[in-house]
Amino acid sequence: SPSPSSSPSPSSSSSSSPSPSTACVSLRPGQIMRARGRRPKHPVVIVPGFVTSGLDLWESRPCARRFVRRRIWGSMGMVQAFVRNPTCYLEHMSLDPKTGLDPEGVRIRAGQGFDSIDDFVQGYWVWSKFVDAFADVGYDSNNMVVMPYDWRLAIPLMELRDQYFSRLKATIELQVRSASSVWNGPDPGHHRDRDFSSSGDSGNFSSSASIRAVLVCHSFGENVVRSFLTWADSIDSNWTELHIESVVNLAGVTLGVPKAVSALISGETWDTAQLGMISSVMTGSFLPKETRTRVFRSWGSSMEMLPIGGKRVWGDAVTGAPDDTDDMRRANRTFGVMASVWPFDWRKSVRQERLGDSLLHQGWGSDGDRGGEKEGEKEKEREGKKGVIEEALAARKGLSRKSDLLKENANIDLVKSRDKEAENENENENE
């Protein structure tokens, strides 16, 4: 927040700190903000998103014993564990399909601290630049905290298994109390030997107007924060009003994400799982779609990200989607179709050409039934054309074979004729 008392005057800023135009070129965003007089005010609580925070292994089956108390997700150790034994790794990363919790003999918990969200793997940063920028402004671990969670779990199970909502609530309350206390004495370091825990011995602190916390959430973290605030207000109807200044939503999946549909149906994740050097391992032939599908379906969070809001938000195959472009409409394409299927005969070819018309493009319900009838008619038409082509090819082969036979017979007749002429010449010579 801007601080008038600490903001440099125009004359002093030109001599003691770089101008904004110069700072924009040579300084990081946080340093630029600090040069403009920005200072910490509201405590910041970071709630990360889906798959972007580390997971640690605390109990394992024999095949992964060497990775206990190591990061099994969000580090190079993840790649090592996966490549070493993919089956074992996926057994540990999957959840029990009945309970939605840890499978027997496995305990995986969210990593703690800023290093659990800084970088996914080396060279793939997530929150590190954000945290660096706030550190440049003046934030540190006293007024900025991160609250990772096991992003595989369904949201209600986060509180049931890990008491995540309770811990998040207590953390925010502590941050608000700390930010709302003003030190009136000298440097607190001079009093490090004093005991401030006893009553009446905290006179150097005074309570100011409540300085509420700012929640910064990303991706699936928005769903978690929204559920948390609902839960907190169910305990105390004024809790959010008293403790939360604002919520910063960074690309939150408030209404779901269409790619969750294809991930749960077939394990297709290419558009959302490009993770640099490990993308070919985690999403390629090394990890078949069938296996990925089973893992995704075991994670309750995958279900939490299915699109909601109906066709008023997402559109449909008939009316189109609100974000369809003019070019798409002219080409009879729409974002209203989130998934499409088409006939595929694995017996004929491994790579069959995709049919132009999708079954889902015809809509659902009665429209889908009519669409199925139309698709059946088109299929018959295609089969009829295919039959005509096959007959034509057969006829062509037949004509070709007939031509070959005629040529062969003509050659035989020519040879016989020449042999007859040779015989006549020999007879004439003998006479």
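FYI, it's all coordinate maths here, none of it is from the lab. Since the structure is predicted, the reported quantities are computational estimates derived from the model, not experimental observations. In this analysis, Cβ positions are derived from the backbone assuming ideal geometry, glycine residues included, and neighbour counts consider all displayed protein chains.
If packing is taken as the average number of other Cβ atoms within 10 Å across a peptide's residues, how do 166-179, 317-330 rank, most packed first?
Numbers: 166-179: 16.9, 317-330: 12.9.
In decreasing order of mean packing, 166-179, 317-330 become 166-179, 317-330.
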Using per-residue counts of other Cβ atoms within 10 Å, averaged over each peptide, order 229-235, 78-84 from highest down. 78-84, 229-235
To the nearest 0.05, the calculated FRET efficiency linking Ser141 and Ser166 through their beta-carbon distance, R0 being 22 Å, is 0.55
Are there trypsin sites (Lys or Arg not before Pro) in the range 94-128 that DSSP marks as loop and that have at most 10 other Cβ atoms within 10 Å, and which are they? Lys98
Considering the alpha-carbon set of the range 19-101 alone, what are its Rg and its Dmax in angstrom? 21.1, 60
Please identify every one of the chymotrypsin sites (Phe, Trp or Tyr not before Pro) in the range 27-79 that sits in a loop by DSSP and has no more than 14 other beta carbons within 10 Å of its own beta carbon. none
Mind jotting down a quarter of the surface of the convex hull over the alpha carbons of the range 42-184, in square nanometres, one decimal? 9.9 nm²
